[in-house]
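The values are calculated or read from the model by the stated rules, or taken from the named source; none is laboratory data. On a predicted model such as this, the values are computed, not experimentally measured, just so you know. Cβ coordinates were reconstructed from backbone atoms using ideal geometry, including for glycine residues, and neighbour counts include every protein chain displayed. Accessible surface areas use protein heavy atoms only, side chains included; no ligands, DNA or RNA. Shrake-Rupley method; radii C 1.70, N 1.55, O 1.52, S 1.80 Å.
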Amino acid sequence: MTDPTRFLAAFSQALSTTGLYGDEHPATERAVETALERLSDLQSSDPRLQFTFLNGEVLFGTETVPSLESWEWCSRLIKAGVERLEFTDRVDIDHFTKFLAHLAVRLGIRNAPSGDLWQMGDSAIRFGQITVGESLGAIKHTQLPIAALSYSLREERETMDWLHQEIHSGDRLPMVEADAVVRSLSIAMHAEQAMVLPLLHLKEFDQYTTTHSMNVAVLAMALGEFLELGGATVRALGVAGLLHDLGKVCIPRDILIKPGVLTDTERETIREHPIVGARMLLASPDPLDLAAVVAYEHHIMLDGGGYPTLHDSRGAQYASRLVHVCDVYDALRTKRPYRESWESERTLAYIEGRAGIEFDPAIARSFIAMMRKWDHRIAMLPA
Ligand SMILES: [Fe+2]
Ligand SMILES: [Fe+2]
């Protein structure tokens, strides 16, 4: 079989250049042309090509490519959701350029382009993840594509930053804006025929509260929909997810982003955020009872552990238990100053292992089933 190394080298070069210069720069045009030429060479006998990127290994068709052992782009592509890349036919330069721009956004090396976006649709280029547990010989041929990157959620992030500042400076909670963010997230989730989970991928930890709030809102709404809880409840879960950590606006930034071990006083400060947040939500002009309850209870574990101490033997409310799972999932998936982000499967295994101890077992089971069902529908947006 022909060696695909030349193509993959040019492909990664074109991706870097697209990320560095945008797709209209002469350097990018040259790099894209080179990659496309090498792709055409590779397609000369059969235009249908298939690449699989595994940890430290590249498969071309079903064959390992020895020269690409430990190829650094493998893990990057995997992180961007590209475990399998397929060409079903020849592609033209315009289409290929857009595809590279799309991939560069997924890789987090460029912002979403403002012009025309590449959509998987009928494209001759397909990519996706390999379903976990599937044997390599039986990899599903068509993983569902995600074309949701027309949503950057930038405005929503800015709104959330502003909202956090407003609260921090002692103003009332701008409820209209919080509702609008939840509505936008819901629209992005339903932008295609199948569910899309637009999750923000954090690079700098200091944007954490904003991106985390939005991710928990998306996950809580998705789980609500997965459980068929009904529109109003799903929306209320979205608001509760979005505002669950509101009390963190009062925690000094250097404690929030501290890389080392916290002192007892610092830990106490952090542990106050559920109470502070609930108080803020109850003081808001509109009744936000559910969000207040969730803010208060989202760190309470099923076995009574966590904080604050609940003096109600029934334990935390259903919505709080649901948001708790989404909260932990997003927290573990995020890189922290003191640890790397966890892979999705590791995070799901953790949730499974803690079901019945920390998490409500039925909710944990549903969450895992939901993530397995919609895992390939996650659109990772650069934060
Ligand atoms: Fe929290
Ligand atoms: Fe949280």
Taking into account only those residues within the stretch 337-366 that are open to solvent by 40 Å² or more (accessible area, probe 1.4 Å), under 24 Å from Thr209 (Cα atoms) and assigned to a helix (DSSP H, G or I), which is farthest from ligand 2 (Cβ to nearest atom)? Glu345
Looking at the stretch 264-279 only, could you name the residues that are open to solvent by 20 Å² or more (accessible area, probe 1.4 Å) and either among the β-branched types (Val, Ile, Thr) or within 15 Å of ligand 2 (Cβ to nearest atom) (or both)? Thr265, Thr269, Ile270, Arg271, Glu272, Ile275, Val276
Can you confirm whether Gly133 is modelled with pLDDT under 85, assigned to a helix (DSSP H, G or I) and closer than 23 Å to Asn55 by Cβ? no
Filter the stretch 280-309 down to the residues that are of a type in the set (Val, Ile, Thr) and at pLDDT 95 or above, then identify the one that is surrounded by the fewest Cβ atoms within 10 Å (Cβ to Cβ). Val293
On the basis of being more than 16 Å from ligand 2 (Cβ to nearest atom) and buried (at least 21 other Cβ atoms within 10 Å of the Cβ), does Ala240 make the cut? no
Return the pair list, or none, for Cβ contacts closer than 8 Å from residues in the stretch 94-110 that are at positive phi to residues that are outside any helix (DSSP H, G or I), at least 6 apart or on different chains. Gly108/Ala80; Gly108/His201; Gly108/Lys203; Gly108/Met380; Gly108/Pro382
Can you tell me how many residues within the stretch 346-360 are without any contact (Cβ under 8 Å) to a residue 40 or more places away in the chain and under 20 Å from Glu225 (Cα atoms)? 2
Which members of the stretch 253-263 meet the condition of being open to solvent by 40 Å² or more (accessible area, probe 1.4 Å), more than 23 Å from the chain's Cα centre (by Cα) and within 16 Å of ligand 1 (Cβ to nearest atom)? Arg253, Lys258, Leu262
Unmet requirement for His299, which otherwise passes all of (1) touching a Lys or Arg at 6+ places or on another chain (Cβ under 9 Å); (2) away from ligand 1 (no atom under 16 Å from the Cβ); (3) not hydrophobic (A, V, I, L, M, F, W, C): (2)
Exactly one condition in (1) free of Cβ contacts under 8 Å to residues at least 12 places away in the same chain; (2) within 14 Å of ligand 2 (Cβ to nearest atom) is not met by Thr334; state its number. (1)
Only residues in the stretch 299-327 that are closer than 17 Å to Gly353 by Cβ count as the first member; pair them with residues that are charged (D, E, K, R) and open to solvent by 30 Å² or more (accessible area, probe 1.4 Å), Cβ under 8 angstrom, at least 6 apart or cross-chain, and list the lot. Leu302/Arg321
